[in-house]
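The values are calculated or read from the model by the stated rules, or taken from the named source; none is laboratory data. Fair warning: this is a prediction, and the values are worked out from it, not measured in the lab. Every residue, glycine among them, receives a Cβ derived from its backbone with ideal geometry; neighbour counts consider all protein chains shown.
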Amino acid sequence: MKVLHVISQTPDFTGSGKYVLEMIDQSKRRGNENFLIAGAPTDYSLPAHVLAPEHCRFIWFGKDLAFPVVGMSDVMPYSSTVCSHLKPEQIDQYKDTFRREIKQAVEQFSPDIIHTNHLWMASAVTREAAPDIPIVTTCHGTCLRQHQLCSDLGRSLIDPLSKIDRVIALFQDQKEEIQTLLGLNASKVDVISGGFNQNNFYFEKKETSPQTVQILYAGKLNVSKGVPWLLKSLGKIRNEWFHLHLVGGGSGPELQSCMELAESLGDKVTVHGILSHEKLGDLMRASHLFVMPSFFEGMPLVLLEAMSCGCRIITTDLPGCKQLFHHFDSTMVRLVELPELMTIDKPHPEDELRLEDLLSSLLMQVIKEVLEGSEPDLEYIRSITSSYTWEKIFAKIENVYQKAMT
């Protein structure tokens, strides 16, 4: 099978970019031939082992397009353009450039199937540029947020997006939102989560009854991910028995705010920046607790990665998180109940203090358990993670390819 992969921004080691790299790797392992179209900043370089140069076409932001990468979130860990700030002529330039590159790739590669990412501009243009080739699109969640933030642009994309052959949702609630948005029959939307890489994320026995509990956050350093909430909550814990590791990047005032809050905790915080899969796996195996206090998520694969390394989990009760953990009962996971939010990814100001107290209380509870010698529940870890290896996930996705082609 010949698979053309399309992603509107850099295929990197986080989020949907990581998903695309795993799709290509698993597709190669299954004997498929692969081709990649991706948007990227001019300083980007695809790792040599992923694909040969003749099997890639890049759309260079800052060269082919005279503006930075258009982020699927409004705050990205690199220089980016906020989608809602795009001018009409920039949108036209974006669509025209992707359309041209997709047509040329189809002519050069003759794919059997096209796998795009995000129910947004690049996927809509792909449908228009390749009307006779089966297309499967994975919704990562951020595209649904953009349909709310950029409603006029979103409405202009509904027609081509609704003609995509099959859509992959990451969890059931997301499937229902996609059906409503695009008017799709339920049979055209498959629910398949992402996965985790067993070679980088695996369990090793941790120190029992440590002197200091190692807490880890990995993701974007911004408000919608709840990083200021986490830092303020830790500031209310008056002991020296924890150390926080912040992994990830950000930009602008939100990053600056996170850094100032981190500095207020002094030597209790280490800021690592963006880490490779290998280094992140090492840090997870050295950590006791992983905290993801997000106000908006799709299916957060980082929770699977952290749990597979033996970390306890504190996260919010977003649909993707509840799908991962609600079938089983264990002290390995605590879900923070979120109130009704003011926007899609921001709480009401009057709720913030109560949320800080709630998270602070949960943090102290788990810290106490670790200090008293409570060990990870290996049976629970296996029960959660065994279904989410990339090999098993891609086997399901390849089945969706077959359905789209028939």
I'd like to know if the range 201-224 contains one or more residues that are touching a residue at least 12 places away in the same chain (Cβ under 8 Å), assigned to a helix (DSSP H, G or I), under 18 Å from residue 292 (Cα atoms) and over 22 Å from the mean Cα position of the chain (by Cα). no
Quick check on the range 46-62: of everything there that is of a type in the set (A, V, I, L, M, F, W, C) and crowded, with 17+ Cβ neighbours inside 10 Å, which residue is nearest to residue 108 (Cα to Cα)? 56
State which residue pairs qualify: first residue over 18 Å from residue 29 (Cα atoms) and inside the range 47-60, second residue part of a helix (DSSP H, G or I) in any location, beta carbons under 8 Å apart, and separation of 6 or more residues or different chains. 57/101; 57/104; 57/105; 59/97; 59/98; 59/101
Here are some conditions: (1) under 29 Å from residue 373 (Cα atoms); (2) in contact (Cβ under 8 Å) with a residue 40 or more places away in the chain; (3) assigned to a helix (DSSP H, G or I). Residue 291 meets all but one. Which one does it not meet? (3)
Considering only the range 334-356, how many residues are touching a residue at least 24 places away in the same chain (Cβ under 8 Å) and exposed (fewer than 13 other Cβ atoms within 10 Å of the Cβ)? 1
Going by what's in this entry, would residue 43 be described as surrounded by fewer than 21 Cβ atoms within 10 Å (Cβ to Cβ), without any contact (Cβ under 8 Å) to a residue 24 or more places away in the chain and part of a helix (DSSP H, G or I)? no
Give me the pairs: first residue in the range 182-199 and within 18 Å of residue 406 (Cβ to Cβ), second residue acidic (Asp, Glu) and surrounded by fewer than 20 Cβ atoms within 10 Å (Cβ to Cβ), beta-carbon distance under 8 Å, and six or more apart or on different chains, which are they? 188/165
Selected residue (only one of 150, 139 is on the phi < 0 side of the Ramachandran plot and crowded, with 22+ Cβ neighbours inside 10 Å): 139
Touching a Pro at 6+ places or on another chain (Cβ under 9 Å) and either buried (at least 22 other Cβ atoms within 10 Å of the Cβ) or at pLDDT below 95 (or both), is that true of residue 174? yes
Among the listed residues 278, 297, 305, which satisfies the condition of being surrounded by fewer than 20 Cβ atoms within 10 Å (Cβ to Cβ), among the acidic types (Asp, Glu) and in contact (Cβ under 8 Å) with a residue 60 or more places away in the chain? 278
Of those in the range 120-171 that are of a type in the set (Ser, Thr, Tyr) and modelled with pLDDT under 95, the residue nearest to the chain's Cα centre (by Cα) is 142
Looking at the range 72-112, which of the residues that are in a helix (DSSP H, G or I) and among the acidic types (Asp, Glu) is farthest from residue 4 (Cα to Cα)? 89
Please verify whether the range 232-240 includes one or more residues that are among the aliphatic types (A, V, I, L, M), farther than 30 Å from residue 390 by Cα, modelled with pLDDT of 90 or more and surrounded by 15 or more Cβ atoms within 10 Å (Cβ to Cβ). yes
I need the full set of residues from the range 378-394 which are touching a residue at least 24 places away in the same chain (Cβ under 8 Å) and either surrounded by fewer than 18 Cβ atoms within 10 Å (Cβ to Cβ) or in contact with a strand residue (DSSP E or B) (Cβ under 8 Å, 6 or more places away or on another chain) (or both), in order please. 378, 380, 383, 385, 388, 389, 390, 391, 392
Residues within the range 263-281 that are closer than 22 Å to residue 18 by Cα and not in a helix (DSSP H, G or I), tallied: 6
Can you name every residue in the range 69-106 that is touching a strand residue (DSSP E or B) at 6+ places or on another chain (Cβ under 7 Å), farther than 24 Å from residue 35 by Cα and free of Cβ contacts under 8 Å to residues at least 60 places away in the same chain? 81
Using beta carbons and a limit of 6 Å, which pairs, at least six apart or on different chains, have the first residue in the range 238-257 and of a type in the set (Val, Ile, Thr) and the second one in a strand (DSSP E or B)? 247/218; 247/272
So residue 125, is it buried (at least 16 other Cβ atoms within 10 Å of the Cβ) and in contact with a Cys (Cβ under 6 Å, 6 or more places away or on another chain): no
